[in-house]
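Participant: Have a look at this one before I ask anything.
The values are calculated or read from the model by the stated rules, or taken from the named source; none is laboratory data. On a predicted model such as this, the values are computed, not experimentally measured, just so you know. So basically every Cβ, Gly included, is an ideal-geometry build from the backbone, and we count neighbours across all protein chains shown. Side chains included, ligands, DNA and RNA excluded: accessible areas come from the protein's heavy atoms. Shrake-Rupley method; radii C 1.70, N 1.55, O 1.52, S 1.80 Å.
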Amino acid sequence: MKISHNIVIGGLAAPASALFAFPAMPAGLDLSITIPQIKVAEYHRPYVAVWLEQPDQPTARTLSVWYQTVKKGNEEGTKWLHDVRSWWRKSGRSMRFPADGISGATRAPGPQKLSFTAGKGPLGTLAPGNYELVVEAAREDGGRELVRLPFAWPATPGQTMVRASGKSELGAIALSVKP
């Protein structure tokens, strides 16, 4: 015997289960990167690269690169991308810029938000496994810093948020892994 209930709201009947159904959130990654305000005489916004890598894999998947997209005189902003050394060696030197959906202008100090949806854009389709999201920043007349956030894909129960913090060129970094 099957029992079902309908709830009447404003003259319309609907199955009770429809009232509590939530749309499925697409799988993906939400990232917050804080660029610290550094008090120096001549401040330059950092070049930042965000990428994914797997243990023991020589290649990386670039998700985002922030650099000087507007040229100053005869100088191209891409000239200094090699200063983001780890990313440059992994995948940067083989890319063409601007890279659609990946490259963008440097960003001001403060929290910066990025979101990547599985199956779309730079995140694309990820095979199940262990990954590291890597954030590297390099600043003219400043330092260079690299922060790694390990995570499992797809997200495992209880492991949906990973946090880390830089010491100089990067502040708080939070990665939310959406199953």
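Participant: State whether the residues of region 112-135 include one that is closer than 29 Å to residue 41 by Cβ, touching a Ser or Thr at 6+ places or on another chain (Cβ under 8 Å) and among the small types (Gly, Ala, Ser).
Facilitator: For region 112-135, residues closer than 29 Å to residue 41 by Cβ, touching a Ser or Thr at 6+ places or on another chain (Cβ under 8 Å) and among the small types (Gly, Ala, Ser): absent.
Participant: Which residues, counting only those in region 40-91, are among the charged types (D, E, K, R) and touching a residue at least 12 places away in the same chain (Cβ under 8 Å)?
Facilitator: Once the filter is applied, which keeps residues that are among the charged types (D, E, K, R) and touching a residue at least 12 places away in the same chain (Cβ under 8 Å), region 40-91 yields 42, 45, 53, 61, 83, 85, 90.
To keep it simple, each residue is scored yes or no on (1) of a type in the set (Lys, Arg); (2) within 19 Å of residue 59 (Cα to Cα).
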site	(1), (2)
114	no, no
120	yes, no
127	no, yes
140	no, no
149	no, yes
161	no, no
164	no, no
170	no, no
179	no, no
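Participant: Next question. Given the residues 24, 18, 14, which is the only one that is modelled with pLDDT under 95, open to solvent by 70 Å² or more (accessible area, probe 1.4 Å) and out of contact with any Pro (no Cβ under 8 Å at 6 or more places or on another chain)?
Facilitator: Every option except 24 fails the conditions.
Participant: On to the next question. For region 155-168, give me the residue count where each residue is out of contact with any strand residue (DSSP E or B) (no Cβ under 8 Å at 6 or more places or on another chain) and either within 16 Å of residue 126 (Cα to Cα) or of a type in the set (A, V, I, L, M) (or both).
Facilitator: So the count comes out to 1.
Participant: Hey, another quick one. Considering only residues that are over 18 Å from residue 152 (Cα atoms) and either of a type in the set (Val, Ile, Thr) or part of a strand (DSSP E or B) (or both), look in region 42-55 and name the one that is most open to solvent (accessible area, probe 1.4 Å).
Facilitator: 47
Participant: Suppose we filter region 139-160 for residues that are over 30 Å from residue 45 (Cβ atoms) and not in a strand (DSSP E or B); how many remain?
Facilitator: 5
Participant: While we're on this one: Please determine whether any residue of region 128-137 is hydroxyl-bearing (Ser, Thr, Tyr), touching a residue at least 60 places away in the same chain (Cβ under 8 Å) and surrounded by fewer than 17 Cβ atoms within 10 Å (Cβ to Cβ).
Facilitator: no
Participant: Separate question: Of (1) surrounded by fewer than 14 Cβ atoms within 10 Å (Cβ to Cβ); (2) outside any loop (DSSP other than H, G, I, E, B); (3) not basic (Lys, Arg), residue 168 satisfies all except one. Which?
Facilitator: The failed condition is (2).
Participant: If the requirement is being within 16 Å of the chain's Cα centre (by Cα) and among the acidic types (Asp, Glu), which of these qualifies: 100, 141?
Facilitator: Answer to the check: 100.
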